[in-house]
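Enquirer: Here you go, one structure.
Any read-out appearing in this document is the output of simple, stated calculations on the displayed coordinates, not a laboratory observation. Just so it is clear, the structure is predicted and the values come from calculations on it, not from any experiment. Counting neighbours? That spans all protein chains shown, and the Cβs are built from the backbone with ideal geometry, glycine included.
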Amino acid sequence: MPGKPNRILSGWRARRLLASGGMIVRDGAAFRLYRHADERSCRCGRVPAHVVARLKAEAGLVLFRGDPDRLVQSSLPDLPELKPLPVQPDPGVWHRPPRSVLEQLVDQDSQGVRLRAAAGRFLADYHLAASPGRLRTDTPASLAAARARLEQVEANLGSVRVEMIEMLVLDKFSAVALRHVTGAEPAVALEALTRLAVVHGLAEPDQLVGRAFASA
């Protein structure tokens, strides 16, 4: 992964970097992620605190040399080489860049405007939560509110759906990439985005969720 020190990383990308020997370091209200367990190595991006809490619970992160502000994944005797995923394009569209699942769903679904709005709110909160809080506009209250909203979303939808939403909104997964990484079809992504719209108050549960289940 190219070094982009201020890139906002999804939970999936952070997990891949940690599994290949990366290190998470606290930075203000959020965390930085390095390619190796050394702050002199390539800095890959930023991760919000609630995602680090999820990874601590799921990926078995441990303190690096006893420092509570530095975390690495435990039990990595043989560090794998991190390589790009070999995702093939959809048949017949090799000459065009693949469209993201989010773009397809927004254009194809009759409630696309609500899905786009829900994804936009999620993205704005995620970027704010990943901020170290040093900018004049990043007040402690605004950072805490963004983290609280994201934690509420995860409490309502579960970590599996939320991580898929991160793949759709932050990583812009195509349908092929989504199948390759999760084994899921776009209909599952539609159901996750639909539930996100409900949590954000952009739709009533019986207005969209039933349609998502019907299309799944």
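Enquirer: With r as the distance between the Cβ atoms of Phe64 and Arg7 and R0 = 30 Å, compute the FRET efficiency 1/(1 + (r/R0)^6) and round to 0.05.
Expert: 0.90
Enquirer: Would you please name the trypsin sites (Lys or Arg not before Pro) within segment 33-69 that are DSSP coil residues with at most 10 other C-beta atoms within 10 Å of their C-beta?
Expert: Sparse-neighbourhood loop trypsin sites (Lys or Arg not before Pro): Arg40, Arg65.
Enquirer: Using the number of other C-beta atoms within 10 angstrom as an exposure proxy, rank Leu63, Leu196 with the fewest first.
Expert: If I rank by nearby Cβ atoms, fewest first, I get Leu63, Leu196.
Enquirer: Return the distance in nm (one decimal) between the two label points of a simple spin-label model at Gln152 and Ala53, each offset 7 Å from Cα along Cα→Cβ.
Expert: 1.4
Enquirer: Quick one: grab the alpha carbon gyration tensor of segment 101-215, order the square roots of its eigenvalues as a ≥ b ≥ c, and give me rounded if a/c is under 1.5, else prolate or oblate depending on whether a/b is larger than b/c.
Expert: Details: a/c = 2.07, a/b = 1.58, b/c = 1.31.
Since a/c reaches 1.5 and a/b is larger than b/c, the shape of segment 101-215 is classed as prolate.
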